[in-house]
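Since the structure comes first, as structure tokens, the remarks are kept for the end.
The values are calculated or read from the model by the stated rules, or taken from the named source; none is laboratory data. Not measured: the values here are computed from a predicted model. Positions of Cβ are backbone-derived with ideal geometry, glycine not excepted, and every protein chain shown enters the neighbour counts.
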């Protein structure tokens with residue numbers, strides 16, 4: 001028979017338990033509300049379209065798809081949507097190198113010429129460690145002036161892209177400073193291939209993806225039908241357009257692979273549990289060498305917490321893997337919109353998870369300028385730009401805002417309006433080489449070759465290293481011959 005009343009001590013215990021459960025539920029509900037509130041604003045103002053996953057202690061606590069994987073066919077993004085992940089691949093490459101170190105097949109202080117014998121003499125001082133930390137001084141091939149328009153649309157091999165810069169001088173002595181370069185990680189992929197006698201993609205499949213169960217991660221093969229694959233989009237004047245063609249029929253150590261948020265959660269968990277490399281080597285990989293970069297790993301601080309991970313940007317995709325080791329929190333943001341800042345979104349989601357201050361996205365200056373242009377054209381747009389400069393002062397980067405707007409206008413074939421925007425920019429920034437280069441480009445598209453040549457030459461006068469101005473002069477001279 002049950003007693004009519006509970007002893008006081010038991011009543012107190014029950015109340016405390018109920019309060020504890022209520023507080024936990026309330027806290028979780030509040031976090032979910034904040035996450036949803038934040039993501040709604042990110043969709044509206046940051047052009048977010050994609051999938052996110054948040055995990056704590058290896059358990060998924062929040063995951064959801066937003067926007068469209070394909071706008072033309074109105075296919076929504078889901079948790080199983082497959083995205084191009086860009087430079088997140090560099091983490092796979094770095095771990096592969098550390099696996100070979102543990103097998104005794106190489107040393108991080110070995111010269112890369114021990115493994116790639118037909119290198120230029122200038123590359124002999126470059127070590128494996130220099131490649132991993134972007135301190136080699138070797139030029140980034142994807143920064144070549146004609147990379148986007150010429151080379152990126154060709155079927156390239158690893159050797160092909162390396163050959164693009166093999167005759168370029170080193171930018172600095174190896175180890176002297178940091179300079180992000182995709183070339184470094186494609187050289188690492190070649191080294192992996194030569195040490196293992198297998199293609200880089202096959203090495204990853206056998207030694208990372210299959211062991212971890214990452215079934216939806218691997219090279220991009222444009223001929224294969226890949227279920228749930230997202231299309232990449234750019235935004236022009238606040239509207240989505242298809243990303244330009246890029247040949248992705250190659251496997252790189254620097255990018256050009258696909259994955260899902262769930263697969264990248266498996267990757268993150270493997271790092272936490274040392275399934276792939278030892279704890280010692282993982283710690284070394286996560287230690288910043290120069291400029292907050294370890295081995296294929298971006299490092300940083302979020303409030304008082306250390307963070308590791310990597311961002312990615314490629315062909316209309318923006319991605320971020322952000323890990324807070326101390327709290328075993330992982331934030332994965334994969335977007336098929338180039339304007340979505342996956343890095344900013346990931347940091348704000350992490351701040352919510354840490355119960356720290358975060359910033360809800362609001363209408364940004366570029367969005368406001370685009371709306372002004374669509375409603376009234378160039379004159380009210382430039383008037384708004386002047387007002388924003390008065391209001392925000394140094395916090396408003398008018399060169400970035402106007403160059404982005406003018407670039408969109410050129411892409412949309414609104415050349416005369418782009419000329420007006422860039423003319424105003426040159427007046428505001430008379431010492432900017434790139435402002436003059438933008439105006440030269442607009443005049444080139446307008447077939448006003450004398451004006452184009454004038455501004456390209458001025459751009460080069462202001463900055464002799466401006467490769468885009470050099471290329472522009474060549475294009476003008478070719479056009480004037482015909």
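Just a few scattered comments:
- When 47, 62, 66 are checked against the criterion of being modelled with pLDDT under 90, in contact with a strand residue (DSSP E or B) (Cβ under 7 Å, 6 or more places away or on another chain) and not assigned by TED's automatic domain parsing to the domain that holds residue 349, a single residue qualifies: 47.
- Within region 272-281, tally of residues that are surrounded by 14 or more Cβ atoms within 10 Å (Cβ to Cβ) and either assigned to a loop (DSSP other than H, G, I, E, B) or on the phi > 0 side of the Ramachandran plot (or both): 2
- Those strands (runs of 3 or more DSSP E) lying entirely in region 305-350 with at least 3 residues surrounded by fewer than 23 Cβ atoms within 10 Å (Cβ to Cβ), in contact (Cβ under 8 Å) with a residue 24 or more places away in the chain and touching a helix residue (DSSP H, G or I) at 6+ places or on another chain (Cβ under 8 Å): 305-314
- Qualifying residue in region 93-104 (condition: in the same structural domain as residue 198 (by TED's automatic domain parsing), in a loop (DSSP other than H, G, I, E, B) and surrounded by fewer than 16 Cβ atoms within 10 Å (Cβ to Cβ)): yes
- In region 227-252, the qualifying residues are those that are part of a loop (DSSP other than H, G, I, E, B) and touching a strand residue (DSSP E or B) at 6+ places or on another chain (Cβ under 6 Å), and the one that is surrounded by the most Cβ atoms within 10 Å (Cβ to Cβ) is 230.
- Once region 282-304 is narrowed to residues that are free of Cβ contacts under 8 Å to residues at least 40 places away in the same chain and within 15 Å of the chain's Cα centre (by Cα), the residue that is surrounded by the fewest Cβ atoms within 10 Å (Cβ to Cβ) is 299.
- Boolean, residue 262 is over 17 Å from the mean Cα position of the chain (by Cα) and crowded, with 19+ Cβ neighbours inside 10 Å: yes
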